[in-house]
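The structure appears below as structure tokens.
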Amino acid sequence: MEQQKPKMIAYAKYEEVVAERDELKKQLEELKANIAPEDDNGIEWLKREAIHAHKLLTEKEKELEQLRELFETAMSDKERLHKENLLLENQIQRLKEANDELTAKNERYFADLMRLEQEVKGLRLYALQKLHIDVYGA
């Protein structure tokens, strides 16, 4: 009898497990029925998201290409302007040197003018005095 008791407990347990299995199968079927449309919706949603992401990626690649072109243009303009700036700095240096030379020439000419004016003033005084002597006598 003791041996039958475990069998009875085992059979009862078997029936419980079978009932539980049937309940779980039923729940699984319900879940599959509920999930299947959601999976289709989920798959469609993922497809739409993938298409949208691909469009965004394409747009960003185009934008990146435009920005790369703008960057290259800016860099070539920068290089051109740098060369132009160097040329202008050299021209400024040459003009400063020419200005210094002209200033030195101007100062020399002004000094010569002053000296010549002093000579003319002296000559005028001499001529006036000689004229006075010639006209009025000594």
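At 222 nm, what value in deg cm²/dmol follows for the chain if DSSP H runs of at least 4 each add -39500 (n - 2.57) and the sum is divided by all its residues, to the nearest 500? Value at 222 nm, helices only, nearest 500: -37500 deg cm²/dmol. Taking the longest Cα principal axis of the chain as reference, the axis of helix 4-136 is set at about 0 degrees.
Which percent of the accessible heavy-atom area of segment 20-138 goes to carbon and sulfur, probe 1.4 angstrom? Its accessible area is 59 percent carbon and sulfur atoms. Once the 1.4 Å probe is applied to the protein heavy atoms, the chain comes out at 98 Å² accessible per residue.
Between GLN91, LEU128, LEU113, the Cα set farthest toward the positive side of the dipole of segment 34-130 (charges on each charged residue's Cβ, about the Cα centre) is that of LEU128.
From the C-alpha coordinates alone, can you work out the Kirkwood hydrodynamic radius of the chain, in Å?
Working: mean 1/r = 0.0357 Å⁻¹.
Averaging 1/r across every pair of different Cα atoms and inverting gives 28.0 Å.
Kirkwood hydrodynamic radius, computed over distinct alpha-carbon pairs, for segment 67-138: how many Å, to one decimal?
17.8 Å is the Kirkwood radius here.
Of the residues ALA53, ALA111, ALA12, the one that moves most in a GNM of the chain with alpha-carbon contacts below 10 Å is ALA12.
The values are calculated or read from the model by the stated rules, or taken from the named source; none is laboratory data. Fair warning: this is a prediction, and the values are worked out from it, not measured in the lab. As a convention, Cβ positions derive from the backbone with ideal geometry for all residues, glycine included, and neighbour counts pool all protein chains shown. For accessibility, only protein heavy atoms count, side chains too; no ligands or nucleic acids. Shrake-Rupley method; radii C 1.70, N 1.55, O 1.52, S 1.80 Å.
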